[in-house]
Amino acid sequence: METCRWSARSPEIPTRPSPSRATPALPRAHLVRLLRRFRASAATGSSSAAVPVEPITKNRMFILGVGYVGKFFGKELLDSGWSVSSWVKWTCKSAEKRKELEDEGFDMYILDANEPKMSVLSSMKEYTHLLVSIPPMAGIGDLLLQQEHLLRNMLKGGNIQWLCYLSSTSVYGDSGGDWVDEDYPASPSNHMAKLRLDAEKGWLDLGGSLGISALVFRLGGIYGPGRSAIDTIIRKKPLTQGQKMRSSRQYTARVHIEDIGQALKASISVPPSSRIYNIVDDDPAPREEVFEFAHMLVEKKWPGHFKDDPSPETTGSIAIGASTRGEKRVSNARMKGELGVRLIHPSYKSGFHSIVEKTKIHSL
Ligand SMILES: NC(=O)c1ccc[n+]([C@@H]2O[C@H](COP(=O)([O-])OP(=O)(O)OC[C@H]3O[C@@H](n4cnc5c(N)ncnc54)[C@H](OP(=O)(O)O)[C@@H]3O)[C@@H](O)[C@H]2O)c1
């Protein structure tokens, strides 16, 4: 059995052979030829559905939506030798972003999920793993699931054996501050959270109809290098609407990008059956506390350079009105117990320390 290696600090990832597809490894040149055939058919606009799908024995990830998580995780896959660049795909909707990412060494499809091309949808069946990182669109829902029937037909009989949909803890709504685990009935309290819940169901159902295990990762607020309270302070950015809404909350679920990465790896390494996981840290601290801590760290590292900005825009200290996202504390016990994840950053405190350590400001 072929195995693929993560970076030194990560466990070895065995490939997960599909029982019905135990075939000898195809020579790489053959796979490259196969890929070229798909590209040729995409270029001519013809549907590649007619091209027979040949089983593959090497893990290949298709990432839908190369945003903060998609890019981070895709890079980890490449860096750890999981696959060479032409075997990892991302999608994005702009040609400009495509160029930028290709310059970084990524191999890209352009896909606007509003109008997915048959050739791109069809090419997905050439992959063994599918990460869905595109959020639902207001008023519509999950864009790709609008084509669910087509998607199912395209993926049927292909190589996909792992599918993970990135969702949000917003689906729980308000538990009055109680702890919620994955068995807690979801009760979304706003339009976007309702669309999320629908999308979760749609992707789980799709996985079921394909006979593969589909996972839903309910992520807390994502932070990491380039996206954190530290960055907000340094760049003196005003708070986003979502951040303002969270300011009034007593509890806020969050998770460091590295921990999302290791949870994803773990779910590939120890493939569970279809399952929902909360992906959050251990410390649902209120946002005000988190900002105070970030200010303290910034002042310590760059004394006097980034004055504590008391404006409500950056501190979120004004009454924004009741948050419609709900008060709850989200449990990560299943993630730890079943996926064996040991958090690198159990609290925002260690996460922020590592961000500050890595941040270099050249203009000072
Ligand atoms: N940020 C958080 O704190 C948080 C918390 C919980 C859950 N989530 C969800 O978790 C997932 C990953 O988060 P993230 O922070 O990595 O998100 P992100 O940075 O916003 O990335 C989302 C990606 O989806 C792509 N996308 C959006 N609309 C698309 C369309 N019509 N067609 C094709 N691609 C489209 C975006 O492409 P472009 O860049 O080209 O627009 C972007 O690459 C998202 O679904 C997000 O909503 C986020």
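In units of the compact-protein estimate 2.2 N^0.38 Å, region 104-172 shows a Cα radius of gyration of 1.18.
Here the translational diffusion coefficient of region 115-264 follows from Stokes-Einstein with Rh set to the Kirkwood radius across Cα pairs; for 10 °C and 1.306 mPa s it amounts to 93 µm²/s. What the Cβ-Cβ distance of residue 274 and residue 115 gives, at R0 = 25 Å and to the nearest 0.05, is a FRET efficiency of 0.30. List the pairs from 117/156; 265/301; 328/349; 97/194; 71/99 whose alpha-carbon separation is above 24 Å, in the order I gave them. Cα-Cα > 24 Å for 265/301; 97/194; rest within.
Paramagnetic label reach from residue 190 (point 7 Å along Cα→Cβ; backbone nitrogen cut-off under 13 Å): within region 166-184, residues 169-174.
Just want the ordering: 97, 300, from fewest to most Cβ atoms lying within 10 Å of their own Cβ.
Starting with the residue having the fewest Cβ neighbours, the order is 300, 97.
Values in this text are rule-based calculations from the coordinates and carry no lab data. Treat the numbers as computed from the prediction; the structure is a model and nothing was measured. Counting neighbours? That spans all protein chains shown, and the Cβs are built from the backbone with ideal geometry, glycine included.
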